Structure formats: C-alpha cells, structure tokens
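Following: one structure in structure tokens, then a few remarks.
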Amino acid sequence: MTSEQMVKTKTVRVEIGDGENIVFGQSHFIKTVEDLYEALVTASPTLKFGVAFCEASGKRLIRHDGNDTALIGKATKAAFDVGCGHTFFIYMRDGFPVNILNRIKEVQEVCRVFCATANPLQVIIVETGQGGA
C-alpha cells in the first residue's frame, strides 16, 4: 500500500463549556468567516460568538473572527484540533443554535451543518495522504 492508499482514523473531543453551544459545519470559501460573522452579528444584539474556519489549500490557515475573545479562542482551538479543510466552528453564548441555524444555512458558501449542540461532542476524522476529512 502506498501512503496515498493508507487510511487512518482518529477521534477528537471538542470542548464545550457551561452555557455554550457550538455549530460545526462545512464550507468552501475563505470568505466564510466574514459572511458567518455578518449573519451572526445581525441575528441578536446579545449573542456572543467566535467563528473559526480551516482553509484547505495554500498555507492552510485558520481564519477567525467574532465578538467575544474567549469564544474566538475556543473556536480556533477546535478548528486546529480537528484540522480538516473547509470546516468551521461557531462557539456561542447568550443565544441558541435554533435561533441562528437558518441564517447559517443561508450563507452562500455553507455546504452543510454537521451538528449544533451543547452536549459532549467527538469528531471522527479519516486521514489519507491527501489530508483529513
């Protein structure tokens, strides 16, 4: 078997603090963070959030933004730990996913939402020679 054919799996535990909810999804464009920020900041005047997005090419940067430093840090850490291109994490407080999910789904580059929860979360990652998903 070549390294391209080898498949490894791993599980990453995503930390969710008391009073926090997360949304984990997939998108396809580096402008995702800006567009998700716009959708969230206009959803509620009390919503606190952090957004992070993993690029899939080039330097594979993690882009991030939000209106709460701690939540931006948590979203960035989750994105780094999962490390799969084209995925995003939204950490939020003082609001609930049910209030923002339609706005997120309407963001043009969002492909899918994997989950929206305050419950314990593990992400199963499959890695090949090309990367993880």
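The values are calculated or read from the model by the stated rules, or taken from the named source; none is laboratory data. Only a predicted model underlies this, so the values are computations on that prediction, with no experimental measurement involved. Here the Cβ is made from the backbone with ideal geometry for all residues, glycine too, and neighbour counts use every protein chain on show. Please note that ligands, DNA and RNA were not included when accessible areas were found on the heavy atoms of the full protein model with its side chains. Shrake-Rupley method; radii C 1.70, N 1.55, O 1.52, S 1.80 Å.
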Practice task
Under 9 Å between Cβ atoms, at least 6 apart or on separate chains: pull out the pairs that start in the stretch 45-62 with a residue that is at positive phi and end on any residue that is surrounded by 14 or more Cβ atoms within 10 Å (Cβ to Cβ) and part of a strand (DSSP E or B).
Solution key: ARG60/CYS54; ARG60/GLY131
Problem - Residue in the stretch 1-37 that is modelled with the lowest pLDDT, counting only those that are assigned to a helix (DSSP H, G or I) and crowded, with 16+ Cβ neighbours inside 10 Å - result: THR32
Fill in the blank from the handout: Every listed condition ((1) modelled with pLDDT of 95 or more; (2) open to solvent by less than 40 Å² (accessible area, probe 1.4 Å); (3) hydrophobic (A, V, I, L, M, F, W, C); (4) outside any helix (DSSP H, G or I)) holds for PHE114 save (2)
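Among the residues of the stretch 14-42, write down those that are of a type in the set (Gly, Ala, Ser) and in contact with a Phe, Trp or Tyr (Cβ under 9 Å, 6 or more places away or on another chain).
Within the stretch 14-42, the subset of a type in the set (Gly, Ala, Ser) is 17, 19, 25, 27, 39.
Matches in the stretch 14-42: GLY17, GLY25, SER27.
Can you work out which of the residues in the stretch 54-78 that are touching a His at 6+ places or on another chain (Cβ under 9 Å) and at pLDDT below 95 is surrounded by the most Cβ atoms within 10 Å (Cβ to Cβ)?
We begin by selecting, within the stretch 54-78, every residue touching a His at 6+ places or on another chain (Cβ under 9 Å); these are 54-56, 72-73, 75-76.
Narrowing further to those that are at pLDDT below 95: 54-56.
Values: CYS54: 24, GLU55: 16, ALA56: 14.
The extreme case among them is CYS54.
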Problem - Residue list for the stretch 93-105, filter: within 20 Å of LYS31 (Cα to Cα) and surrounded by 14 or more Cβ atoms within 10 Å (Cβ to Cβ) - result: ILE100, LEU101, ARG103, ILE104
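May I ask you to verify whether THR46 is over 16 Å from the mean Cα position of the chain (by Cα) and either open to solvent by 30 Å² or more (accessible area, probe 1.4 Å) or of a type outside the set (D, E, K, R) (or both)? Don't jump to the end; show me each part of the working.
Working: over 16 Å from the mean Cα position of the chain (by Cα): yes; either open to solvent by 30 Å² or more (accessible area, probe 1.4 Å) or of a type outside the set (D, E, K, R) (or both): yes.
Considered against the rule, which asks whether it is over 16 Å from the mean Cα position of the chain (by Cα) and either open to solvent by 30 Å² or more (accessible area, probe 1.4 Å) or of a type outside the set (D, E, K, R) (or both), THR46 comes out as yes.
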